[in-house]
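These notes are about the structure you will find just below.
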Amino acid sequence: NLGAQLTPRGDTFVVRAYGDSLAPTGAVRARAWCEAVLQRVPEYLEGTGQRADPPHRKQAELVNEANRNFGRRFRIVQFRWL
């Protein structure tokens, strides 16, 4: 059974964000851009404690409510202002 041998993997991706600060008149006072490199790891958000879910547990079998709502853990690998 191949399914029993599969394990969750990690992914790495880039997220860019932009924001404006507006004056009461609606004019743009400042602009900022940032970039973050994120890594999704095999561990679930809540990986310790009595109600922890091991990384190999399927989404439909999760016990912990936070893990059902948010899934796997993310780490910020790099952050910079552009």
**OP:** Could you please give the count of residues in the range 1-27 that are closer than 19 Å to VAL41 by Cα and at pLDDT 95 or above?
**Re:** 2
Original post:
Can you name every residue in the range 60-82 that is of a type outside the set (S, T, N, Q) and in a helix (DSSP H, G or I)?
Top reply: ALA60, GLU61, GLU65, ALA66, ARG68, PHE70
Original post:
What residue, among those in the range 59-82 that are modelled with pLDDT of 95 or more and aromatic (Phe, Trp, Tyr), is surrounded by the most Cβ atoms within 10 Å (Cβ to Cβ)?
Top reply: PHE79
Subject >> Residues being closer than 23 Å to VAL14 by Cβ and in contact with a Leu (Cβ under 8 Å, 6 or more places away or on another chain) - total across the range 45-82 >> reply: 8
Original post:
Quick one: which of PRO55, PRO24 is touching a residue at least 40 places away in the same chain (Cβ under 8 Å) and assigned to a loop (DSSP other than H, G, I, E, B)?
Top reply: PRO55
Original post:
Among GLU35, GLU46, which is in a strand (DSSP E or B), on the phi < 0 side of the Ramachandran plot, of a type in the set (Asp, Glu) and surrounded by 13 or more Cβ atoms within 10 Å (Cβ to Cβ)?
Top reply: GLU35
Original post:
Any idea which residue in the range 5-61 is farthest from ILE76 (Cα to Cα), counting only those that are in contact with a helix residue (DSSP H, G or I) (Cβ under 9 Å, 6 or more places away or on another chain) and of a type in the set (Gly, Ala, Ser)?
Top reply: ALA52
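The values are calculated or read from the model by the stated rules, or taken from the named source; none is laboratory data. Source: prediction; values computed, not measured. Using ideal geometry, Cβ is built from the backbone for each residue, glycine included, and neighbour counts are taken over all protein chains shown.
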